[in-house]
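The values are calculated or read from the model by the stated rules, or taken from the named source; none is laboratory data. Since the model is a prediction, treat every value here as computed from it, not as a measurement. When we count neighbours, we look across all protein chains shown, and the Cβ atoms used for this are built from the backbone with ideal geometry, even at glycine. The accessibility values were calculated without ligands, DNA or RNA, using every heavy atom of the protein model including side chains. Shrake-Rupley method; radii C 1.70, N 1.55, O 1.52, S 1.80 Å.
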Amino acid sequence: MKTSLRAALVGLLAVAVQALMVAAFTWPAARIAPRHVPVVVAGPAPAAASVAQRLGAERPGAFEVKRRPDEAAARRALADREAYGAIVVTQGGPRVLVASAASPTVAQLLTQMSQQLSGAGVPAPQDVVPADRDDPRGAAFSALVLPLVMSSLICGILLTLLVGSAEWRGIGLVVFAAGAGFLTAAFVAGGLSVVPGSYVTVAGVIGLTSLAVASAVAGLGAVLGRAGIGLGAVTMMLLANPLSGVTSAPELLPRPWGTIGQDLPAGAGGTLLRSVAFFDGARAGGPLTVLLVWSAAGLLLVGAGVLRNRRVRPGSTPEQHPPTPVPARS
């Protein structure tokens, strides 16, 4: 292939990749809106039922309303991650409870919505489960996922290209996950103090998320070669990361993409980290299972791919050293 043609093809490929990346990251952000966001309406039955009906009529499909008898039950629902916020109906008007640790974006949305429902000013929302005081808007927490994905992606690629042994690739993945977990947790939980909770638990979640991404990329690379590396990179960077819902909430993304994002490592890792950091592990089983499945599948693919492509050393098989043909007799 001529150099000029090769250069033109590389340029066009780069344009296509850029367009795909721009679309992958901007499209979900441009379509953020509430879609079946779980909220609680609590209070006396007639008044609470009226508020629930108005929610459904004014914002069809935006909220999944759960009824609770009183404010105490509404607070428990938020602490258990059953809902993002609550509207408590009182004689003096609606009061709003939020859990900004679950999603600052949804907390702001619920405050605005309650003002529209009442037609007047409402008291400032009570934050039942607040975000960390050093990161009240959740900006640092949201910024954590992308570098985790990118560094894990790089680790998977390097292990695939530079390490031929399945055993040593597996050891490299485990070493990376452990180091990434403990070092990153020391920085975000200790140095910056933006992720509360047990240091060991936070480190474990970060390490498992890193392992899920890196092992998936390494596994696909071991089985499919360079095409597998590309597939892993596209999946983790252009699909899993923008669909993670970490910067907003899965229920604010277009359906079914928010749900799909929670079945990928970035979304599951972000959700699990929120659960252990702010909600004492409430509803952690689902994202934990997702990360374990991705990690196990990636490690299995690493072993299967290397075993399949392993070659016997030269001189040990007839195939590699065919016998010298005997000249035909005249």
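Descriptive notes on the structure:
- Candidates PRO38, ALA143, GLY164 compared by Cα position along the dipole of the chain: farthest toward the positive end lies GLY164, with charges placed on Cβ.
- Mean-position separation - Cα centroids, segment 224-247 and segment 52-68, in angstrom: 35
- Apportionment of accessible area to carbon and sulfur, the chain, percent (1.4 Å): 65
- Average Cα contact separation per residue, segment 166-263, under 8 Å, 6 or more apart, as relative contact order %: 18
- In Hz, Karplus ³J(HN,Hα) per residue of segment 185-190 (6.51, -1.76, 1.60; θ = phi - 60°; x = Gly, Pro): 5, 4, 7, 7, 8, x
- Antiparallel DSSP beta bridges within the chain, as percent of all bridges there, nearest 5: 35
- Compared with the alpha-carbon gap, the fully stretched path from ALA23 to ALA227 is longer by 71.2 nm at 0.36 nm per residue.
- Relative contact order (%) - the chain, alpha-carbon pairs under 8 angstrom, separation at least six: 17
- Local charge for PHE141 was computed over the other residues whose Cβ lies under 12 Å away, with Lys and Arg +1 and Asp and Glu -1, and equals -1.
- The trypsin sites (Lys or Arg not before Pro) of segment 1-63 that meet both conditions, a loop assignment by DSSP and at most 15 other Cβ atoms within 10 Å of the site Cβ, are LYS2, ARG31.
- CD proxy at 222 nm, helix term only [per DSSP H run n ≥ 4: -39500 (n - 2.57); per residue of the chain; nearest 500]: -19000 deg cm²/dmol
- Taken per residue, the accessible surface of the chain reaches 51 Å², heavy atoms only and a 1.4 Å probe.
- Couplings 3J(HN,Hα) for segment 286-300, derived from phi with the Karplus relation 6.51 cos²θ - 1.76 cosθ + 1.60 (θ = phi - 60°), are x, x, 4, 4, 4, 5, 5, 5, 4, 5, 5, 5, x, 5, 5 Hz, where x marks Gly and Pro.
- Environment charge of ALA284, counting only residues whose C-beta is closer than 10 Å and scoring Lys/Arg +1, Asp/Glu -1: +2
- Contour minus Cα-Cα distance for ALA57 and ALA178 (0.36 nm per residue): 38.6 nm
- Formal net charge of residues neighbouring ALA189 (Cβ-Cβ distance under 15 Å; K, R +1; D, E -1): -1
- Sequence of MET113, MET1, MET150 from largest to smallest accessible area, 1.4 Å probe: MET1, MET150, MET113
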